[in-house]
Amino acid sequence: MSLNTFGHLFRVTTWGESHGPALGATVDGCPPNVAIDEGSIQQWLDKRKPGTSKYTTQRREADKVKILSGTFEGKTTGTPVQLMIENTDQRSKDYGDIIEKFRPGHADITYYQKYGNRDYRGGGRSSARETAARVAAGGLARAALARLAPQIEITGYMTRMGAHEIDRENFDWDQIEQNPFWTPDAKAAHTWAGYLDGLRKSGSSVGAIIEVTARGVPAGLGAPVYGKLDTDLAAAMMSINAVKGVEIGEGMSAAMLTGELNADEITMGPDGPEYSSNHSGGILGGISTGQDIVIRFAVKPTSSILTTRKTITKSGESTEIITKGRHDPCVGIRAVPVGEAMMACVILDHLLLHRGQIGENQGTIG
């Protein structure tokens, strides 16, 4: 299986399986002299790890990261950084009933059709557990950004759970870390709690929409035509397990706007260009404008549910299946820190590319 690496200069390769002894990431291209230790990465993994509330899978994983290479005396050396997270709470017996069956909505059938084998224990590489490695790499990217561009802030939050959406009038940045759903709307969090509790008890699941905003990103990141910042951001978010849709700025809603409504008018402010709105999501022509970069992605409902579903066996026989085990009723909750991590990795990668080719922006305005 190839293609487990993303990035241009800041390159991340993830490895490992859901029920293997460990998983992790090898990061090549991190600048030297970035202050880093296991604790500074662990804070981000703690946001993603399972079992943090009754609304997430009850698999008990500490998700303790170990740095095996690439640092000396608390700083990166410029050599590959190896990050490892041991699996400690696998219950592979929960998957004994699906050895010969394909779970609807999972990658079981496509992995088998492509490779002629599959890891039925939680899905192997297709499991959302793989995202722990991304979050670890994202922690390293955040540390590098803190050194190179400390003004950049990356924040993810949930804006929709099933049919229930936040009220933008209630948006409060300070609320995001005050509830188990990472939502900026306290009223929505209260509604979602009762809604998801009912789904959890019934053994069902629901999808979600996650929004990630990067504030303080300088103008000039990204390059035409095939190195666009939004191209790499969209690919990064789409690569996250269970993601089925991505949009930037106005996204799909731009199709409903006129040119007058969609174009963000520009004026000259005391510190440079200012925009009347941000329908572009902070990116024009694949290059950052200096505005907030805003991206959203849709996460499908967890396919592991306790409702009987029709399927087939490897020999092609019709059968039925119930997926047992410990699963997230809304996997979108733990996708929030994953989206943040992917944003951090892509922004850092493009910052390094820009610095390598251009240095400082060439076009001065005002």
Normalising by the residue count of the chain, find the relative contact order in percent from Cα pairs under 8 Å and 6+ residues apart. 22
For the range 131-223 the translational diffusion coefficient, Stokes-Einstein from a Kirkwood Rh over Cα pairs at 4 °C and viscosity 1.567 mPa s, in µm²/s, is roughly 85
Per residue Cα convex hull volume in Å³ - calculated over the range 257-366: 223
Average projection area in nm² (convex hull over Cα atoms of the range 17-57, one quarter of hull surface): 4.3
Cα-based equivalent ellipsoid of the range 309-358: semi-axis lengths in Å, sorted from largest, via gyration tensor: 43, 17, 6
Roughly how big is the range 139-204's charge dipole about its Cα centre, with Cβ charges of +1 (Lys, Arg) and -1 (Asp, Glu), in debye to the nearest 20? 320
For the chain, longest principal axis from Cα atoms; helix 186-202 axis from its Cα atoms; angle between them, nearest 10 degrees, is 20
The range 140-182: Kirkwood hydrodynamic radius (Cα pairs, Å) comes out at 12.5
Give the share of C-alpha pairs in each 5 angstrom bin for the range 182-296, from 0 to the last occupied bin, in whole percents, shortest bins first. 2, 10, 16, 18, 17, 14, 9, 7, 5, 2, 1, 0
Accessible area per residue of the chain at 1.4 Å probe, in Å²? 47
Helix-only [θ]222 nm of the chain, DSSP H runs n ≥ 4, -39500 (n - 2.57) each, per residue, nearest 500: -8000 deg cm²/dmol
Over all directions, how big on average is the projection of the convex hull of the alpha-carbon atoms in the range 54-209, in square nanometres? 13.0
Quick one: with all protein chains in place, what share of the accessible area of the chain is carbon or sulfur, to the nearest percent (1.4 Å probe)? 51
Taking the C-alpha atoms of the chain, convex hull volume expressed per residue in Å³: 153
How high is the relative contact order of the range 225-366? Use alpha-carbon pairs under 8 Å, at least six apart in sequence, and give a whole percent. 25
If the reach is capped at under 28 angstrom between alpha carbons, list the lysines near LYS187, excluding any in the same chain fewer than eight residues apart. LYS47, LYS49, LYS54, LYS201, LYS244, LYS300
Net charge dipole size for the range 195-317 [Lys, Arg +1 and Asp, Glu -1 on Cβ; Debye, nearest 20]: 1080
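The values are calculated or read from the model by the stated rules, or taken from the named source; none is laboratory data. All values derive from a computational prediction rather than experimental measurement. Here the Cβ is made from the backbone with ideal geometry for all residues, glycine too, and neighbour counts use every protein chain on show. Keep in mind that these areas ignore ligands, DNA and RNA; they rest on the heavy atoms of the full protein, side chains included. Shrake-Rupley method; radii C 1.70, N 1.55, O 1.52, S 1.80 Å.
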